[in-house]
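The values are calculated or read from the model by the stated rules, or taken from the named source; none is laboratory data. Here the structure is a predicted model, which means the values were calculated and not measured. Glycine gets a Cβ as well: all are built from the backbone with ideal geometry, and neighbour counts include every protein chain shown. The accessibility values were calculated without ligands, DNA or RNA, using every heavy atom of the protein model including side chains. Shrake-Rupley method; radii C 1.70, N 1.55, O 1.52, S 1.80 Å.
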Amino acid sequence: MPPLGAVFFEKMQSFKGRDILDINDFSKDELLYVLNAAKEFDPEFVKSKRSNYTLAQGKIAALLFFEPSTRTEQSFSSAAQKIGMGIIGFNDPKATSIHKGESFSDTIRIMDSYADVLIIRHPESGSAKKAAEVAQIPVINAGDGPNQHPTQTLLDLYTMMKEAGKLDGITIAFMGDLKYGRTVHALSLALSHFKVKQIFISHSTLKMPDEFLKVLKERGVAFEECDRLPESLEADFLYQTRVQKERFKDLDEYKKVKDKFILDASFKKYLDKGVKLMHPLPRVNEIDPVLDHHPNAIYFKQARNGLYIREALLTLVLGRI
Ligand code: NCD
């Protein structure tokens, strides 16, 4: 990874006070800047016993989870506390005045006056942007429906950079639900800033949508599409995904495709050859747990990397680094 340094990034706008809403708002330098900042929180890079506990002491993070989440909510909560922040918020809107009919904007306005940063997850596309229009303090989008989940993309990029030591020159294969998977769409576009070959493996009904392939073509990205996992997969990473049951209008359609692209014990030969297996989690049955202990099955490490990315982002938007 390039060194974190003022010279390399000197032309970049500061992150202080910025909203983190959409991964497409990030330039290549900005992506690299955040990835490098995350190293400052990752024990694999920071060997000293330096404590980050006072970095954002006295600041408050409001976690507004209008929709359930395990990893994102808990890792934001952990990240905020690791840099000394206090936490307020909710994960059950029924337990708030929203239940009495309070509007979304009013709820945001109220929380805005009690906190220093808002972290919001909501089932509707565009809700984080709507919150940012009302709030004075930085808003971080922790997932707005099928639209965006930028901190997931950043942790995916961080994982790849950490594991491969670089992004330029690598190959990634995406597999599973490429039609509805927001993590795939966002990661594919973010990787288009780098010289990364992309392979899309899916059932014909769950292909990568044309609108994304069009952007990849315009940006000169090398990619290919396959309808099965190639025997001789030449890739550094396989990014497996869950078939997004909740996005199907017809459950029979879901049932037809849900078990078509699962990775069982026979995938071990790919891991042995050096393909690293990623997954944004949660998984259902698309990765057999027998693969979990293989050193190249890196999805739990990937989830852990979310902590460092979120510590870095909170510190950056608060202007503390
Ligand atoms: C994904 C998501 O929320 O879109 N998970 C995640 O980002 N950790 C993928 C999924 O839900 O399958």
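For the pair S113/V284, report the inter-label distance in nm, with labels modelled 7 Å from Cα in the Cβ direction.
Result for the modelled spin labels: 4.5 nm.
Would you give the gap between the C-alpha center of the range 278-321 and the C-alpha center of the range 202-239, rounded to a whole Å?
22 Å
Computing the accessible area with a 1.4 Å probe over protein heavy atoms, can you report the carbon and sulfur percentage for the chain?
The computed percentage sits at 50.
Assuming a ≥ b ≥ c are the square roots of the Cα gyration tensor eigenvalues, decide whether the range 185-321 counts as rounded (a/c under 1.5), prolate (otherwise, with a/b larger than b/c) or oblate. Display every interim value, and only then the final one.
Working: a/c = 1.40, a/b = 1.21, b/c = 1.16.
Taking the square roots of the gyration eigenvalues as a ≥ b ≥ c, the range 185-321 is rounded.
Computed FRET efficiency, Cβ-Cβ of K129 and Q81, R0 25 Å: what is it to the nearest 0.05?
Efficiency for this residue pair is about 0.40.
If R0 is 30 Å, what FRET efficiency do you get for K260 and K195 from their C-beta distance, rounded to 0.05? Walk me through the numbers before you get to the answer.
On the way: r = 31 Å, r/R0 = 1.03.
The value I calculate is 0.45.
Give the distance, in whole Å, between the Cα centre of the range 55-69 and the Cα centre of the range 162-188.
28 Å
Using 0.36 nm times the number of residues separating Q57 and K269, minus their current alpha carbon distance, what extension gain do you get?
Taking 0.36 nm per residue and subtracting the Cα distance, the gain is 71.5 nm.
Just grab the label-to-label distance for E44 and R247, each label 7 Å out from Cα along the Cβ direction, in nm (one decimal).
Here the modelled spin labels are 2.8 nm apart.
Hey, can you list the DSSP H helices of the chain whose Cα span along the axis is 20 Å or longer and whose average Kyte-Doolittle score is at least 0.5?
Numbers: long enough: 150-164 (21 Å, -0.16); 299-317 (27 Å, 0.17).
In the chain, no H run is both long and hydrophobic enough.
Taking the highest mean first, how do the peptides 54-66, 154-166, 213-225 order by number of other beta carbon atoms within 10 angstrom per residue?
Averaged packing, sorted descending, gives the order 154-166, 54-66, 213-225.
On full extension of the chain, what length is gained from S14 through D227, given 0.36 nm per residue of separation minus the C-alpha to C-alpha distance?
Net length gain for the segment: 72.3 nm.
So with the 1.4 Å probe, I'd like the accessible area per residue for the chain, rounded to whole Å². Don't skip to the answer; put the middle values down first.
Details: 14840 Å² over 321 residues.
In whole numbers, the chain has 46 Å² accessible per residue.
Using a 1.4 angstrom probe on the protein heavy atoms only, line up H185, H203, H279 by accessible area, largest first.
H203, H185, H279
Sort 171-179, 77-85, 241-249 by the packing proxy (mean of other Cβ within 10 Å over each peptide's residues), most packed first.
Averaged packing, sorted descending, gives the order 171-179, 77-85, 241-249.
Size of the dipole of the chain about the Cα centre, Lys and Arg at +1 and Asp and Glu at -1 on the beta carbon, nothing else charged, in debye to 20? It would help to have the intermediate numbers written out before the result.
Details: 45 positive and 43 negative charges, 116 e Å.
Once rounded to the nearest 20, the dipole reads 560 debye.
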